[in-house]
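Data block below; observations after.
The values are calculated or read from the model by the stated rules, or taken from the named source; none is laboratory data. Note that this is a predicted model, so its numbers are computed, not measured. Every residue, glycine among them, receives a Cβ derived from its backbone with ideal geometry; neighbour counts consider all protein chains shown.
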Amino acid sequence: MKKSTCFIQWQDAYSVGNAVIDRQHRFVINLINELYDGLRDGKDSLEISPFLEKLDKYVRAHFAYEEKYLEDNEYPNKDQHFELHKEMKIKALEFSWSGRHPEMEPAAEIFDFLKRWWLNHILKEDMAYARYFRGK
């Protein structure tokens with residue numbers, strides 16, 4: 001991965017207290033930073049297509065791990081959390097597809113969505129299970 005400008009800088013406030021999930025979240029943030037670098041360099045949707053495919057693949061692997069973690073630890077709101085993951089998986093697949101069809105969605109809109117969704121998801125949804133497990 002090339003050196004990023006760190007549009008989103010990892011902060012301790014993003015930690016859910018699980019080293020594997022935190023590492024995966026850092027990787028997703030690095031991917032978003034990589035997309036930011038590409039946009040800053042003037043790349044369009046077609047040129048970021050490999051990034052979008054990589055993101056789609058990684059998101060699926062991350063969600064599978066996180067869902068197993070929540071399931072194994074009997075998180076009571078896991079079904080709602082899984083539904084949010086399902087929505088993002090669909091969106092990631094759409095982004096991957098639109099990268100091969102640049103008339104679909106501009107790269108800047110994809111970036112904006114990813115930035116907002118991931119930060120919100122980590123800080124709100126993932127922190128909910130982190131608080132629950134800390135309180136157990």
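Does ALA130 satisfy the criteria of being under 12 Å from the mean Cα position of the chain (by Cα), part of a helix (DSSP H, G or I), closer than 17 Å to ILE21 by Cβ and at pLDDT 90 or above? Answer is no for this residue.
If you go through segment 17-38 and keep only what is within 12 Å of HIS62 (Cβ to Cβ), modelled with pLDDT of 95 or more and among the hydrophobic types (A, V, I, L, M, F, W, C), you end up with VAL20, ILE21. Taking segment 59-77 as the range and being surrounded by fewer than 17 Cβ atoms within 10 Å (Cβ to Cβ) and farther than 27 Å from ALA108 by Cα as the test, the residues that pass are ALA64, TYR65, GLU67, LYS68, GLU71, ASP72, ASN73, GLU74, PRO76, ASN77. Among the candidates ASP56, ASP41, the residue that is more than 24 Å from GLY135 (Cα to Cα), charged (D, E, K, R), without any contact (Cβ under 8 Å) to a residue 60 or more places away in the chain and surrounded by 15 or more Cβ atoms within 10 Å (Cβ to Cβ) is uniquely ASP56.
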